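What follows draws every value from the coordinates through simple rules; no lab data is involved. In this text the structure is predicted, and so the values were computed from the model without any measurement. Here the Cβ is made from the backbone with ideal geometry for all residues, glycine too, and neighbour counts use every protein chain on show.
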């Protein structure tokens, strides 16, 4: 129980760090202060490190991987979103991305905070080495899709922003935004494919069938198809720009419904997650 108390304390600190980082990103955009952006990045990185420690403490305290219920997946989803967005912010020197992605991360971890943190014994179907592979790939996939969603929103708002030296300096042109979003979708689709494949293997061992058309499985497939169509239209038809951005936003809506909507409205054998 001691490790769980540590995890609970760290979780609160992480929420505060993510909130402070979000506010500083807003300050950066509002008052055009580059120093605020640098501090925001440091706070986001610190939050990510402590978030990682919190997940480790949760795993030790629970005696298993912390990936088996709504709270654990939600906080892990926020971790994945923070990780991928931080990588893109640093890789492309794009702090404005943080101003859009930080609220999404905070909303996800806020959703986690509203879930029960009780630790329950694993049901038999979850006692498998496939758990870590299946859920961890889903976390990275969802994080990457979340970043592609944020990038697409920035793309769609780019034309509405008045020409200004500060924004032009800190927001890539539409072609580069489109390219970065495409890379994020590609990363997400790769890991979602791993998620579906490992889930099918796990399902066959747990229930004797690779696919049962459970609502979670069905909507994961729908989400996968949406992003496959997105990549197909880009690669084979040269489809990009505004239409691609709208498609990426629609894809993330499918992600959110797969995660929250299915559990809320379409319970099935994945109801525990």
Going 7 Å from the Cα of residue 260 along its beta-carbon direction, which residues of the stretch 87-129 have the amide nitrogen within less than 12 Å of the resulting point? 104-115
Can you tell me how much longer the chain between residue 158 and residue 90 gets when fully stretched, taken as 0.36 nm per residue apart minus their C-alpha distance, in nm with one decimal? 22.4 nm
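So if we plug the beta-carbon distance of residue 211 and residue 34 into 1/(1 + (r/R0)^6) with R0 = 45 Å, what FRET efficiency do we get, rounded to 0.05?
With a Förster radius of 45 Å, E is 0.35.
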Among 79, 202, what is the fewest-to-most ranking by other Cβ atoms within 10 Å? 202, 79
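How far, in nm, would the chain grow between residue 225 and residue 193 when pulled straight, counting 0.36 nm per residue and subtracting the alpha carbon separation?
In short, 10.5 nm is gained.
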How would you rank 38, 174, going from fewest to most other Cβ atoms within 10 Å of each one's own Cβ? 38, 174
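Evaluate the Kirkwood expression for the hydrodynamic radius of the stretch 1-121, namely the inverse of the mean inverse distance over all pairs of different C-alpha atoms, and round to one decimal in Å.
Kirkwood radius, the stretch 1-121: 14.5 Å.
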Honestly the chain on the Cα gyration tensor test (a ≥ b ≥ c root eigenvalues; a/c under 1.5 rounded, otherwise a/b vs b/c for prolate or oblate) is just oblate
With only helices counted (DSSP H, runs n ≥ 4, each -39500 (n - 2.57)), the per-residue ellipticity at 222 nm for the chain, to the nearest 500, works out to -27000 deg cm²/dmol
Sorting check: for 232-238, 144-150, which peptide has the highest mean count of neighbouring beta carbons within 10 Å, and how do the rest follow? 144-150, 232-238
Sorted by Cβ density within 10 Å, fewest first, the residues 134, 170, 120: 120, 170, 134
The correct pair for the stretch 122-273, radius of gyration to one decimal and Dmax as a whole number, both in Å and from Cα atoms, is 17.7, 60
Using 7 Å Cα-to-Cβ label points, what is the residue 129/residue 107 separation (nm, one decimal)? 3.9 nm
